[in-house]
Ligand SMILES: Cc1cc2nc3c(=O)[nH]c(=O)nc-3n(C[C@H](O)[C@H](O)[C@H](O)COP(=O)(O)OP(=O)(O)OC[C@H]3O[C@@H](n4cnc5c(N)ncnc54)[C@H](O)[C@@H]3O)c2cc1C
Ligand code: SF4
Ligand code: FES
């Protein structure tokens, strides 16, 4: 059976992108170990609302690690202490009685704070709009089994495609680079025969969009891979770089 | 004074209806498409695929969603798979069989013609998704892999690991992104539709709240498409994402769109049981687990008592003392019976005292036999991510060897219990997916059209994409062809001003209640009443009590609600309050419909109407119709019932049988 724990919670509050922001400190008492991290914040918010105060704003939706909406920087790690899990999948049994838990938003030039812990990640959508697709019309394409794809290739594409677009890689990177995210999408599509015809153009378009939006360069620190909740591999970045160089040579 | 409901089903034999329709419908030529605007609300499978396809065809599209990106729509969470009648496994599948299974699975309460069309376009969906680069699971030979799902005896489900919804949505999202990049679709993220604007009897726009600035904004178009998902969160705890809501659907309903079959709510049999009162949502364990997992409770009541007291574990109970009740009751389908049947069977055992956790509300899902037969590696390959997810939440690893009794190895079983999952009911639409308001269309889970009283696994994804890629882009043209001479609208029209004012007044009212209760606390109370009286086992008496309690909750909401902060800027509590008000109205609608339907069918089980063996007892004499509810001008007034009679031409209506 899980034990109840009590701890100190330091939460970043910021009223809009221009506000300087500050930490609020709360004492949390008797939180059951089988409470999820976000449910713990629900408890805090319920207490705040009962006291007539405004709740802490944070992004969340599916609460099962797939939508990519939740985005907290907990004790210096994007998505907190667990590996291969998002913030919403962390349970309080991971923390100890008496802990101090610090919660901050993603901090990166590419993701301005909207309020408290909520940030603006529309830059990711813009990168996708620049080339994160196969140009195929809705209609009647050929039979799905007409394209044979060897299982290892399909599996590799699937691994790359499991990126949830959360932004933890950017938050983890000291350069604020979005390379892991971009390379995951480029790899998924460039590995598959359907995506090959546009492979080079895609790599170039998505990368230039990334630069244009103010994300930093990749200097291979591997922090992104270590913090990615879906364990997206840094080998995707190498593949992206190869495709990018090929595209450059063609120009 | 009965209204005749025209569902516009095309003439001809069932297999030719859609082809005939497409051959004769009106089209809009390319030059005119550029002059026509369409609002699509929602970016789930239905909304994203529709917006992308319509944009690509040349219409000017405005696409809205609540989340910060279209990719986060709740469709992303679907795990198991998507059905199609490809017959790649050569196991006797066909369009007709998929059609038949869906109608039968829906307990003969779906509209035949719609379901046939769904089965017919199912194969195109797979082709389309593969062309987009959706990484479906494959065999070593490079062909697509399949698995089986509840309610079917063939293997027709396509999947991408345990993340099928994610991959399909990302496919639709990338098609949508391409159109946004090309300038045909304009995206409005972190916007919430609060009302639909009707001008001269036609839907001509929406009022949406910018969730960041808190401002109300007006948008006009020639047609409005609602793709806003289901209303499961009326029960507070469900497998739905936190932002799933029925506000857009209720707005349409209040403006006169009929709401069909609200009582048909699906309760999914394999969810992680409720653990405490702080819980915010329930986690689904994919139905695909039933392919290799066996569901059981103890045979002996003393074993159940020991499990409830925590003095025994599942793995302590040997094979001969386990009751695999689904295999016992339904030998032909076993653990793969449809969801409603599996859910009720679990409730039946738990009601009799055989539940296996501390609350007595759980059954076991056990992999011991399959791990022994296939090896842990194969089992993990199939379900590894689900096992991990289960372990993170419960601290129990279902793949772990826990006991050996008389040479038989027993692994930790999972504990599961039914939970609210999907809503078959929804906004009424005709064959063209048009609601009872002209120019207002509804697609995906938010309409009622294809699943009758119960949806089969892997069929919601199919329906969302069928509607968005292959049906609506055709049928909406039949409507828009008349509209080419209608110029773009100004949002200065009095109808827009009035609609915006009504929403503003509502917001002011909510802010001014200044009571003492938080939105969530009232929402939880609503959930308790819904689950208790309008849940899995319903009775006339219970429903009446439920309706009375819902009135009290509405009163409490109206007098006790407290929203901190102001209406300016972002106010998450205010946004939740608006949704809750609509959930209360929705709850009542479910209860009215459930009370009216004096029969048991699919997800709607009235305890008064069951066979001696405890199976659902339909009443085709009196209830072979779609119940359409019409708003009567106020949330306080009971809605009026209209009936769309069901006409079956291709299928003989029978009693559902999953036993032999
Ligand atoms: C956990 C889980 C697993 C599932 N697994 C499967 C499966 O394996 N196979 C299967 O076939 N089905 C499955 N389903 C069901 C299926 O996922 C859904 O029925 C389907 O995805 C619904 O798609 P949709 O496009 O209709 O709506 P959604 O995906 O719910 O999208 C709704 C959209 O509308 C927007 N929206 C809502 N309200 C408003 C508003 N007022 N204003 C503006 N925007 C709004 C949202 O932001 C969102 O973009 C599962 C469901 C759940 C909960
Ligand atoms: S690569 Fe990983 S960390 Fe980066 S957005 Fe995708 S899932 Fe998140
Ligand atoms: S809330 Fe969806 S991934 Fe965390």
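Every number here is computed from the coordinates shown, using simple stated rules; none is lab data. The shown structure was predicted, so the numbers you read here are calculated from the model rather than taken from an experiment. Using ideal geometry, Cβ is built from the backbone for each residue, glycine included, and neighbour counts are taken over all protein chains shown.
If I take all pairs of Cα atoms in chain B, what percentage of them are more than 32 Å from each other?
Numbers: 104080 of 217470 pairs.
Roughly 48 percent, rounded to a whole number.
Could you tell me the center-to-center distance, by alpha carbons, between the stretch B:646-660 and the stretch A:202-236 in angstrom?
Spelled out, the Cα-based centre of one part sits 54 Å from the other.
Measure nothing but the geometry: give the 0 to 90° angle between the long axis through the Cα atoms of B:376-394 and the longest principal axis through the Cα atoms of chain B, rounded to 10°.
Around 70 degrees separate the two axes.
Can you compute the FRET efficiency between residue B:372 and residue A:94 using 1/(1 + (r/R0)^6), with r the Cβ-Cβ distance and R0 = 41 Å? Round to the nearest 0.05.
Details: r = 33 Å, r/R0 = 0.80.
That gives a FRET efficiency of 0.80.
Please report the base-10 log of the normalised intensity I(q)/I(0) for chain A, using a Debye sum with one equal scatterer per alpha carbon and no solvent, at each q in 0.08 (1/Å).
The computed values of log10 I(q)/I(0) come out as -0.37.
Along each principal axis of its Cα atoms, how long is the stretch B:420-496 end to end? Whole angstroms, biggest number first, please.
44, 26, 17
The stretch B:282-351 to the stretch B:91-142: how many Å between their Cα centroids?
Comparing the Cα centres of the stretch B:282-351 and the stretch B:91-142, I get a distance of 30 Å.
So if I restrict to the alpha-carbon atoms in the stretch B:391-545, what is the Rg, and what is Dmax, the biggest pairwise distance, in Å?
In Å, with Rg to one decimal and Dmax whole: 24.4, 81.
Helix A:179-191 against the longest principal axis of chain A: what's the angle in degrees, Cα atoms only, rounded to the nearest 10?
40
For the stretch B:471-507 and the stretch B:372-397, what is the centre-to-centre distance using only Cα atoms, to the nearest Å?
A separation of 50 Å, based on Cα centres.
Hey, with R₀ at 30 Å, roughly what FRET efficiency would residue B:4 and residue B:484 work out to, going by the Cβ-Cβ distance, to 0.05? Intermediate results must be reported in sequence, preceding the final value.
Numbers: r = 29 Å, r/R0 = 0.98.
According to the calculation, E is roughly 0.55.
With the crude spin-label approximation of a point 7 Å out along Cα→Cβ, what separation in nm comes out for residue B:647 versus residue A:245?
Each label point is offset 7 Å from its Cα along the Cβ direction, giving 6.8 nm.
Treat each spin label as a single point 7 Å out from the Cα along the C-beta direction, and report the residue B:514 to residue B:89 distance in nm.
6.3
What is the helix-to-structure angle for B:112-132, meaning the angle in degrees between its Cα long axis and the longest Cα principal axis of chain B, kept from 0 to 90 and rounded to the nearest 10?
With rounding to tens, the tilt is 90 degrees.
Treat the count of other C-beta atoms within 10 Å as a stand-in for reagent exposure and order B:430, A:211 from fewest to most. Display every interim value, and only then the final one.
Values: B:430 19, A:211 12.
So the residues, fewest neighbours to most, are A:211, B:430.
Per the helix-only calculation at 222 nm, which mean residue ellipticity applies to chain B, given -39500 (n - 2.57) for every DSSP H run of n ≥ 4 and division by its residues, nearest 500 deg cm²/dmol? Could you put the intermediate results ahead of the total?
Numbers: 19 runs with 237 residues, N = 660.
Computed ellipticity for chain B at 222 nm equals -11500 deg cm²/dmol.
For the stretch B:494-645, compute the orientation-averaged projected area of the C-alpha convex hull (one quarter of its surface), in nm².
Working: hull surface 43.9 nm².
Mean projected area for the stretch B:494-645: 11.0 nm², to one decimal.
Note down the relative contact order for chain B as a percent, whole number, built from C-alpha pairs under 8 angstrom at least six residues apart.
On the way: 1453 pairs, mean separation 134.7, N = 660.
Rounded, it is 20 percent for chain B.
Ranking B:286, A:135, B:660, B:459 by Cβ neighbours within 10 Å, fewest first, what do you get? Before the final figure, lay out each step's value.
Numbers: B:286 23, A:135 14, B:660 7, B:459 29.
Starting with the residue having the fewest Cβ neighbours, the order is B:660, A:135, B:286, B:459.
What relative contact order, as a whole-number percentage, does chain A give when Cα pairs under 8 Å and 6 or more residues apart are counted?
Details: 446 pairs, mean separation 48.5, N = 251.
Here the relative contact order equals 19 percent.
Please figure out what share of the DSSP beta bridges in chain B is antiparallel and state it in percent, rounded to the nearest 5. Mind dumping the intermediate values first?
Values: 48 of 68 bridges.
So the antiparallel bridges in chain B amount to around 70 percent.
Given the Cα-Cα distance of residue B:301 and residue B:409 and 0.36 nm per residue of separation, how much length would full extension add, in nm? Walk me through the numbers before you get to the answer.
Values: separation 108, 0.36 × 108 = 38.88 nm, distance 2.30 nm.
Contour length minus the Cα-Cα distance gives 36.6 nm.
List the residues of the stretch B:589-617 whose backbone N lies under 15 Å from a point placed 7 Å from the Cα of residue B:638 along the Cα-to-Cβ direction.
B:589-598
Could you state the orientation-averaged shadow area of the convex hull built on the Cα atoms of the stretch A:4-115, in nm² to one decimal?
On the way: hull surface 28.2 nm².
If you wrap the Cα atoms of the stretch A:4-115 in a convex hull and average its projections, you get 7.0 nm².
Per Stokes-Einstein, at 37 °C and 0.692 mPa s, what whole-number D in µm² s⁻¹ belongs to the protein assembly as shown, with the Kirkwood radius over Cα pairs as the hydrodynamic radius?
Working: Rh = 27.9 Å.
D, rounded to a whole number, is 118 µm²/s.
Evaluate the relative contact order of the stretch A:63-187 (contact order divided by residue number), counting alpha-carbon pairs under 8 angstrom at least 6 apart; express in whole percent.
On the way: 125 pairs, mean separation 31.5, N = 125.
After rounding, I find 25 percent.
Measure of size requested: the Rg and Dmax of the stretch A:122-250, with Cα atoms as the atom set and Å as the unit; please supply both.
In Å, with Rg to one decimal and Dmax whole: 14.6, 46.
Quick one: if you stick a label point 7 Å off each Cα along the C-beta vector at residue B:497 and residue B:541, how many nm between them?
A separation of 5.6 nm, rounded to one decimal place.
Quick one: if the Förster radius is 51 Å, what FRET efficiency do residue B:555 and residue A:20 give, using the C-beta to C-beta distance and rounding to 0.05?
Values: r = 44 Å, r/R0 = 0.85.
Computed FRET efficiency for residue B:555 and residue A:20 comes out at 0.70.
Fewest first, what order do B:507, B:76, B:393 take by the number of other Cβ atoms within 10 Å?
Neighbour counts put them in this order, fewest first: B:393, B:507, B:76.
What are the principal axis extents of the Cα atoms in the stretch B:269-419, in Å, biggest first?
Projected onto the principal axes, the Cα atoms of the stretch B:269-419 cover 35, 35, 34 Å.
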